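Just below is one structure, and these are the notes that go with it.
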Amino acid sequence: MLKLELKGAQKLLFVGAHADDIEIGCGGTILSLTKAYPDLDVLWVVFSAEGKRKTEAQLSAKQFLKDLTRTKVVVKQFRTSYFPIQAERIKTYFETLKAFSPDIVFTHYREDRHQDHRVLSDLAWNTFRDHLILEYEIPKYDGDLGKPNLFVPVRGTVALRKAKLLAESFPTQADKHWFSQETFFALMRLRGVECAAEYAEAFYCRKLVCG
């Protein structure tokens, strides 16, 4: 199994359609990277978080990024579930993210069945043509999990912290049948099995240039 080090990546862009997407998809990776590399520069963008969800998004990002000093969290107000018909406005904003010049872009899985997620994934590829893009996954009723090809092992303590932070940070989601620490643990354990680790998060890496 080929193992890659991300020591050369200093600027990370995290893109999420909704308030908890980034944390669910790559919260363990974020906690691991921020602990190992405190000099990281992170831009964290949530495209839709209305009402109480906006406060949740801001407070959660603060918790996940607390080991860093160079961070910027942006919470936009695009209408949830209507991203396809707002694509022009969203793309216009996406273009402004080029100025950050990220080394790695984390976005949604291209084959995700949620329409908002797919719009952001497509725009990430449209906008960042010469960047490493990693697509994260989110478990849901649609059953759209695929076969990822890049894995980030996470320690048990990190997996536990991710699950606890999600439960504590998003009380508005507590009544969702899938939103539970057991769900987050289950997926991380499964991806851990697939890469010979206890826990892991998985990503889809469609292009990787080595050299």
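The values are calculated or read from the model by the stated rules, or taken from the named source; none is laboratory data. Keep in mind the model is a prediction, meaning the values are calculated, not measured. Methodologically, a virtual Cβ is constructed for each residue, glycine included, from the backbone with ideal geometry; neighbour enumeration extends over all protein chains shown. For accessibility, only protein heavy atoms count, side chains too; no ligands or nucleic acids. Shrake-Rupley method; radii C 1.70, N 1.55, O 1.52, S 1.80 Å.
Structure notes:
- Residue in the stretch 150-161 that is assigned to a loop (DSSP other than H, G, I, E, B), aromatic (F, W, Y) and either at pLDDT below 95 or in contact with an Asp or Glu (Cβ under 8 Å, 6 or more places away or on another chain) (or both) present: no
- Residue check, L43 part of a helix (DSSP H, G or I) and either modelled with pLDDT of 95 or more or open to solvent by 10 Å² or more (accessible area, probe 1.4 Å) (or both): no
- Apart from one condition, I24 fits all of (1) part of a strand (DSSP E or B); (2) under 20 Å from D122 (Cα atoms); (3) among the aliphatic types (A, V, I, L, M); the exception is (1).
- Only listed residue being under 26 Å from I90 (Cβ atoms), outside any loop (DSSP other than H, G, I, E, B) and either under 16 Å from the mean Cα position of the chain (by Cα) or not basic (K, R) (or both), chosen from D144, D122: D122
- If you check R110, R155, R118 for being surrounded by fewer than 18 Cβ atoms within 10 Å (Cβ to Cβ), farther than 25 Å from E198 by Cα, in contact with a strand residue (DSSP E or B) (Cβ under 9 Å, 6 or more places away or on another chain) and not aromatic (F, W, Y), only one passes: R110.
- Only one of the listed residues (T71, T80, T34) is open to solvent by less than 10 Å² (accessible area, probe 1.4 Å) and in contact with a helix residue (DSSP H, G or I) (Cβ under 9 Å, 6 or more places away or on another chain). That residue is T34.
- Residue that is surrounded by the fewest Cβ atoms within 10 Å (Cβ to Cβ), among those in the stretch 83-95 that are under 20 Å from D21 (Cα atoms) and without any contact (Cβ under 8 Å) to a residue 60 or more places away in the chain: P84
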